Amino acid sequence: MNWDRIEGNWKQLKGSMQQQWGQLNDSHLDVIAGKRERLSGKIQELYGITKDETEKQISAWQASQKDHLQ
């Protein structure tokens, strides 16, 4: 699934995102508003992980979302 599709279905994917990254709350997700760079920055900030690790996690999560929007 490409990121444009994730942005377009952001509200539906919030729950899945909170399952993956439990420290993300509704206000974080509202500010992120589907923007991948904002998501990456917030995950790095909350979890204290590198940008590379964050990108790996986001990519893995993104790949797992194929079934959620069909």
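Brief remarks follow.
- A single entry from 43, 49 fulfils the requirement of being touching a Ser or Thr at 6+ places or on another chain (Cβ under 6 Å) and of a type outside the set (Phe, Trp, Tyr): 43.
- Elements of type helices (runs of 4 or more DSSP H) contained in the chain, each with 2 or more residues being without any contact (Cβ under 8 Å) to a residue 60 or more places away in the chain, surrounded by 12 or more Cβ atoms within 10 Å (Cβ to Cβ) and of a type in the set (Asp, Glu): 51-64
Taken together, the values in this text are just the output of simple stated rules run on the coordinates, not laboratory data. None of the values given here were measured: they were computed from a predicted structure. Positions of Cβ are generated from backbone atoms using ideal geometry, with glycine treated the same way; all protein chains shown enter the neighbour counts.
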